[in-house]
Every structure is written in C-alpha cells, then in structure tokens.
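Working notes, structure below.
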Amino acid sequence: MKHLHVQLKRIYSSPSPEDGVRILVDRLWPRGLTKSEAAIDRWLKDLAPSTELRRWFGHDPSRWEEFCRRYEAELSQMTELLSELRTIARKGPLTLLFAARDELHNEAVVLRDVLMR
C-alpha cells in the first residue's frame, strides 16, 4: 500500500505548490476570506463535525479527547468520502485546510489521524 501524504494547514496561510490538493474541511466558510483567496480544490463540509458536536466542543482543549471520540464515530459513517481522500493522498500531497486558531485541537487533526490509520 502506497504511503499517504496528508498535511494540515490553516486556510489563512498562503497557498503553495507543495500543498497539492487543497480541501477545506470546515462546516462553515472561514470569515473574511474570499473563495479566490482560499485557493481550494474542494470544500467537504459534510466531512466536518456535525453542528451539534462543533458547538459542544467550542475549541475547548479540556473536551479534546471526547471530541475526538465523538468525531471519529461520525467519520465512521462516511466511508466513501474517507476512501476518496485516501485515494487522493496516495497520488500526491493532500492538504486539509481549517480555519481554527488552535492548530493542535481541531477537526483536521482528527481527520488526518483517521485517514492515516
């Protein structure tokens, strides 16, 4: 099985050729950013945590472990999209884009870990 190349990046960081395929994984469009500035290839908002889970988590690091568990349960129902992302990542770099300020506690981190398993 070919190695997956999945990286994470804030949507507000400048795009670069090393990003490969750029996919936004937030449910909400990032504030203050136009679609052309975002330079995304796709927006997979259906892959983002449910509105209920996102609101419950509220980017509170004390809820991180439980958020991961709940989000992974949601992701387990999205096998087709996960398979599609793995296929992209086998062909070349895949960059999961997120808007959160906290680069360690956000849905893209969980999604990357699920993809890499």
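Taken together, the residues in segment 82-103 that are closer than 15 Å to Val6 by Cα and more than 12 Å from the chain's Cα centre (by Cα) amount to 10.
Could you tell me whether Gly20 is at pLDDT below 95 and at positive phi? Judged against the criteria, Gly20 is not a match. Helices (runs of 4 or more DSSP H) fully within segment 45-104 that include at least 1 residues being buried (at least 18 other Cβ atoms within 10 Å of the Cβ) and either among the β-branched types (Val, Ile, Thr) or at pLDDT below 95 (or both): 79-91.
Of all residues in segment 58-78, none are aliphatic (A, V, I, L, M), closer than 18 Å to Val6 by Cβ and in contact (Cβ under 8 Å) with a residue 40 or more places away in the chain.
The values are calculated or read from the model by the stated rules, or taken from the named source; none is laboratory data. A quick note: this is a predicted structure, and the numbers were derived from the prediction, not measured. Cβ: placed from backbone, ideal geometry, glycine included. Neighbour counts: every protein chain shown.
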